[in-house]
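Presented below is the structure to which this report refers.
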Amino acid sequence: MGRFQYAVGMTPAEEGGFVVSCRDLPQLVTQGEDLEHALTEAADAMDEVFAAYMQGGLVLPAPSKPRKGEHVVSPPAETMAKAALYVAMKDAGITKVQLARRLGVDEKEVRRLLDPHYGSKLPRIAQAVEALGRRLVIGLEAS
């Protein structure tokens, strides 16, 4: 999995605005007053869904191609970096303790690197990803 961009569907809500859902992340259900607000709320909800997957040790599902009428949403950038580390660890079959040994740090630091609610520095996340034989790549796209 290289990108964490998921298609979301918008359904008009009875009270106005939109209800947002995601085929690939069924736990993601939120709403917004208008399209822009709904997409912002979807990114925030995706952040929480990613946290639940990572804290539960679950595999993040691969994103499906968007269907007609769907919008593509990603979680916040820091969450994507932490998710990349999480996926790299899963792919390598390495534990937090083993990664901590490779990095020469306490296991608590690796737990913080994987905690979406903890403010980690991007260079430290990138260093952890590199210790797993991967490279963290940041891109720029039009919004």
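The values are calculated or read from the model by the stated rules, or taken from the named source; none is laboratory data. Bear in mind the structure is a predicted one, so any value in this text is a computation, not a measurement. Cβ sites come from the backbone with ideal geometry, for glycine too, and all protein chains shown count toward neighbours. Quick note on the areas: whole protein, heavy atoms, side chains included, nothing else; ligands and nucleic acids left out. Shrake-Rupley method; radii C 1.70, N 1.55, O 1.52, S 1.80 Å.
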* Structure fact -> With every protein chain kept in place and a 1.4 Å probe, the residues K96, K68, K108 fall, from largest accessible area down, as K68, K108, K96
* the chain: antiparallel DSSP beta bridges as a percent of all, rounded to 5 -> 100 percent
* Exposure ranking of D91, D115 by accessible area [1.4 Å probe, largest first] -> D91, D115
* To do: Give the long-range amide H neighbours of A13: residues separated by 5 or more places, or on another chain, with amide H under 5 Å away, using H modelled in the peptide plane at 1.01 Å from N.
  => F18, V19
* Asked: What is the projected area of the convex hull of the Cα atoms of the chain, averaged over all directions, in nm²?
  -> 8.8 nm²
* Taking a ≥ b ≥ c as the square roots of the eigenvalues of the Cα gyration tensor of region 104-143, is the shape rounded (a/c under 1.5), prolate (a/b larger than b/c) or oblate? -> oblate
* Go ahead and run the numbers for FRET between H37 and D91, Cβ-Cβ distance against an R0 of 35 Å, rounding to 0.05. => 0.45
* List the lysines whose alpha-carbon lies under 20 Å from that of K108, not counting same-chain residues fewer than 8 positions away? -> K82, K90, K96, K121
* With viscosity set to 0.692 mPa s and temperature to 37 °C, compute the Stokes-Einstein D of region 62-143, Rh being the Kirkwood radius across alpha carbon pairs; µm²/s, no decimals. => 237 µm²/s
* Asked: Based on the Cβ-Cβ distance of H71 and R101, what FRET efficiency does E = 1/(1 + (r/R0)^6) give at R0 = 30 Å, to the nearest 0.05?
  -> 0.10
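Let's see if you can work this out: charge +1 on each Lys and Arg Cβ, -1 on each Asp and Glu Cβ, no other charges. What is the dipole magnitude of the chain about its Cα centre, in debye to the nearest 20? Mind showing how you got there, number by number?
On the way: 17 positive and 19 negative charges, 219 e Å.
Computed about the Cα centre, the dipole is about 1060 debye.
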* Asked: Within the chain, which DSSP H helices have Cα atoms that stretch 15 Å or more along the helix axis and a mean Kyte-Doolittle hydropathy of at least 1.0?
  -> none
